[in-house]
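One structure is given here, and the rest of the page talks about it.
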């Protein structure tokens, strides 16, 4: 039985959102709704326009026999500004201060609303990079790294602090933590990363960058490439940064344990224009 | 400017999917689209019917001045059957066998497609429970626990193996691993769980259940309640199970390291009927 346009629009939107970056053929939708491909194309134009107007993403078309449509998730500049502002306000609450000037961020990193939104921001910032895998180190940043991986539709690879029997053979490296100057260990299952993979490194917090540098060294062991580095929060008062080419969403400009003052500011990053991003989708 | 129904349907579907279980007022949508509440109600009926027909979830209405609509994510029985079947086939591949009869499952637990789908299955199985928090123990199962938490719109709380300076004060317990009979430690930040919280425990793998029992003991320390226990895979050859009331999606019926044979079967669980689940939404 032929399905009405209104029902098709709701179901196609749901289907595309559940399957980010997957190529879906027009034939699949045509058969699912017992509708003509021309009607499906018209539906897709409406969905694409709506997504782009709301800054929620876009649809890319791939033409030819093996062609179809792909939903690329995105977030608008307005929504990003608002979210970063909200998180900044949360971070500045003084009860987050822990001994040694550390900050308790676990509540933010446990909250689906923030995790998802930050995940969409990183997926948007690296939208035009060729990424095969998202990598992070355990533990706090894993949900965030997973959210990014989900929007990019790639696996998330988790570097561990010690080796586990359930991981099989592993590669282990030592690295120097940038702030504490202590030697630490990182372990990654051999099976979890292929040679030549393009890897987006995501972490929740960066001081000098020792842990991120450790992950970069790990990638060298696997002959894999760094496709990008994204951290949610970085310390501002670092004399010598160990990594250069990274994006941070939030920068701690002041942490004063004596007076219990925490000051943060927005990091430096620029979202691309989603409408300019997808010229190939004009032929929808 | 008034927004057309087709655009509204796409944007409302997107908005509701991005905000599972959040109460959204009709006024919010009416203002967003400069449309009458009666039109918005009609849109919501279409969305609700489409979601229910596809087994994707339902919309619940809350009436009164502070009322509105909530999207409850769900997964259909057909989709669940297919997914569990897919994962079973993946698990039976013999190159997963590790020394000691352990199985390498990290690839499945890193893949957004499986993580999300299994997350939706658990969210569906516990759809009618009152859940404040999803809890897991590091590391492999964290993305899965986060996916469940995301569909239930509650925070994910991660129990750690050791204490970290970035967690603040912690509660630590010792427990006996059911299979290896060794004493192990679990640590949870004091701030991460409130007294009286209803907690859904999610883990990727269960042998005798020592780790899950450890989490139950941890909840007792926090005066929190077990709202449910869900594991993705359980061993079948266990003489004495340490926990009773749990749901497993997949059961390992045979792991033969000598002949390199892995056999799995579907666990015992029943999805409720989504259409019967939501009588209160009839007044949409």
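We did not get these values from a lab; they are worked out from the coordinates using the rules stated. A quick note: this is a predicted structure, and the numbers were derived from the prediction, not measured. Because the Cβ atoms are built from the backbone with ideal geometry, glycine has one as well, and the counts that use them run over all protein chains shown.
Taking all Cα pairs closer than 8 Å and separated by 6 or more residues, the relative contact order of region A:85-149 comes to 32 percent. Counting neighbouring beta carbons within 10 Å and listing from fewest to most, the residues B:80, B:170 come out as B:170, B:80. Taking region A:60-83 and a reference point 7 angstrom along Cα→Cβ of residue A:270, the backbone N atoms nearer than 15 Å belong to A:77. How large is the helix-only mean residue ellipticity at 222 nm for chain A, computed as the sum of -39500 (n - 2.57) over DSSP H runs with n ≥ 4, divided by its residue count, in deg cm²/dmol to the nearest 500? Result for chain A: -10500 deg cm²/dmol, rounded to the nearest 500.
Taking all Cα pairs closer than 8 Å and separated by 6 or more residues, the relative contact order of region B:95-218 comes to 24 percent.
How far is helix B:112-125 tilted off the main Cα axis of chain B, in degrees rounded to 10, range 0 to 90? For B:112-125 against chain B, the angle is about 80 degrees.
How many angstrom lie between the C-alpha centres of region A:35-49 and region A:249-265? Region A:35-49 and region A:249-265 have Cα centres separated by 50 Å. Set against the 2.2 N^0.38 Å expectation for a compact globular protein, region A:153-284 has a Cα radius of gyration ratio of 1.28. With label points defined 7 Å past Cα in the direction of Cβ, position residue A:258 shows copy-to-copy spacings of 7.2 nm, given to one decimal and shortest first.
Taking only the C-alpha atoms of chain A, the Rg (one decimal) and the largest Cα-Cα distance, Dmax (whole number), read 21.3, 71 Å. Taken residue by residue and averaged, Cβ atoms of other chains lying within 10 Å of the Cβ of A:135-141 number 4. Panel values: region B:127-225, Kirkwood radius from alpha carbon pairs, Stokes-Einstein at 37 °C and 0.692 mPa s, translational diffusion coefficient 240 µm²/s.
For residue B:173, the distances from its label point to the matching points in the remaining copies are 3.8 nm, ordered from shortest, with each point set 7 Å beyond Cα toward Cβ.
Taking a ≥ b ≥ c as the square roots of the Cα gyration tensor eigenvalues, region A:5-73 comes out oblate, since a/c reaches at least 1.5 and a/b does not exceed b/c. Between the alpha-carbon centres of region B:137-171 and region A:144-166 there is a gap of 14 Å.
For residue B:194, the point set 7 Å out from Cα toward Cβ sits 4.6 nm from its twins in the other copies, listed from shortest up. For chain A, relative contact order (Cα pairs under 8 Å, six or more residues apart, normalised by length) works out to 16 percent. Between the helical axis of B:37-54 and the longest alpha-carbon principal axis of chain B there is an angle of about 40 degrees.
From the Kirkwood radius over Cα pairs of the protein assembly as shown, Stokes-Einstein at 4 °C and 1.567 mPa s returns a whole-number translational diffusion coefficient of 52 µm²/s.
With only the Cα atoms considered, region B:1-136 has a convex hull volume of 139 Å³ per residue. Sorting A:41-48, A:244-251, B:15-22, A:196-203 by average packing, meaning the other beta carbons within 10 Å per residue, from highest down gives A:196-203, A:41-48, B:15-22, A:244-251.
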